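K.L.:
Just passing along the structure, written as structure tokens.
No lab work stands behind these numbers, since they all come straight from the coordinates. Bear in mind that the values here come from a model prediction, so they are computed numbers and not experimental data. Quick reminder, even Gly has a Cβ in these numbers, built from the backbone with ideal geometry, and neighbours come from all protein chains shown.
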Amino acid sequence: MALSSPGTGTGTSSDAAVADIPARGPAGPPRRGLLPLLLVGNSAMYALYIGVAGVLLALQVEDVDPADKVANFGLIAGISAIFATVFNPVAGALSDRSGRRNPWILGGGLAAVPAMFLLGSADTILLITIAWCLGQAVMNVYQAAITSVVPDRVPMSARGKASAAVGLGLPFGSTLGALIGAAFSEDYRTGYLVFGALVAGAAVLFTACGREERLPACAPLPVRSQLAAFARALRDHDFRWAFIGRALLVLGYFAVSGYQLYILQDRTALPAGMKPEAAVAVLMPLTSVAMVVATVLGGYLSDRFDRRKLFVGASALLSAVALVVPAVSTSWPAMLAFAAVNGLAFGCYMAVDTALETMVLPNAEDAARDMGVLNVANAGPQIIAPFVASVVVSVSGGYTALFVVAAVLAVAGALAVKPIRGVR
């Protein structure tokens, strides 16, 4: 999975496609029912990502090799994230060149079922790695296409509502994924098939109800031109610091969240009778609700007071405070407090920082492309987060150091907004 800023294009397709987003958007209002379909389609996608990677995959890895579960899980998560990040732009470019999204959404969604079946059948670390990479491949076909629907079919005047529908898919899907993962913790093979069927059903619903018109095909730019555009954008002072701040906070967030199940298993003193999988099913909805509340309030208040840097910096510091709580306490109430406060911090940060990013883009004519560059600050840290986390845990011999490192990264992310000069 690559977390992306909604409403800005995929951030993964070719530069030609991304740069051409404003011209491809329709002039009229979006088709009736498109926004609910976007919510359903994105919620199903995030449910699979969270339920599989956050619960079932961790249980499967532990079942195969309990002694080395931390290192193995980090290896699988890291390799699959690299695979996903490489495959996403390829899938995006192919859908760009075809001028269609629905066939790719339907194909990727339906292919999730056999991919999840293969993952559930894997019984070695190597086979699990290969199967999850295949799963990431088909899901990134789905993700690249469905993320492109907003710029393709929604006019600029309605992008805010469409972005909200896409963005709400993360907390809704996270909650659903955690609940399904917990429900099938004793039978992860069936759980995998449930997630595959969920995505396939969402794909069928979306393509059956969300009609599309063929768009002009987009030819991708050469790799050298894309790299040159990337480097040129990062030479801008404010843009570069916004990129660094987002990358640092996302790295700290995913370094901890990826190991949440193992933290609950090996470190947290859970209430009597509560299994770690059930604890995840409590923490994830709590975090999701907090994220939704903070996203709405953070966006409103930052507009009301016209202060972006203040809210971005404060929410990053609040994330650091939240990470300190489980670092100093192994109790269940400490994890509840962490989940709630970190959800508030991350929700506010993502909402206001996305607005800040739109204000530091180097060139208005390249806005969509440069937002795609900033999305690398979301995807890149997710690639290295599993490796960073597994190294920290293995070297330190526990999870306390992981919380501390993540808190330091959050503080660094807060400080990174200070040099930005063009935004208050």
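Results for (1) free of Cβ contacts under 8 Å to residues at least 40 places away in the same chain; (2) assigned to a helix (DSSP H, G or I); (3) under 27 Å from Gln265 (Cβ atoms), shown as yes or no for each residue.
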| site | (1), (2), (3) |
| --- | --- |
| Val61 | no, yes, yes |
| Ala67 | yes, yes, yes |
| Val70 | no, yes, yes |
| Phe73 | no, yes, yes |
| Asp96 | no, yes, no |
| Arg100 | no, no, no |
| Leu106 | no, yes, no |
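K.L.:
Would you confirm, using the coordinates I've provided, whether Pro326 is more than 17 Å from Arg246 (Cβ to Cβ) and over 18 Å from the mean Cα position of the chain (by Cα)? Quick ask: steps written out before the conclusion?
P.N.:
Working: more than 17 Å from Arg246 (Cβ to Cβ): yes; over 18 Å from the mean Cα position of the chain (by Cα): yes.
Yes: the conditions hold for Pro326.
K.L.:
If you check every pair at least six apart or on different chains, which have Cβ atoms under 6 Å apart with a residue in region 121-135 that is free of Cβ contacts under 8 Å to residues at least 60 places away in the same chain first and a residue that is outside any helix (DSSP H, G or I) second?
P.N.:
Ala131/Ala122
K.L.:
Suppose the filter is under 23 Å from Phe254 (Cα atoms) and either within 20 Å of the chain's Cα centre (by Cα) or in a helix (DSSP H, G or I) (or both); does Thr354 pass it? Walk me through it before giving the result.
P.N.:
Details: under 23 Å from Phe254 (Cα atoms): yes; either within 20 Å of the chain's Cα centre (by Cα) or in a helix (DSSP H, G or I) (or both): yes.
So Thr354 passes the test.
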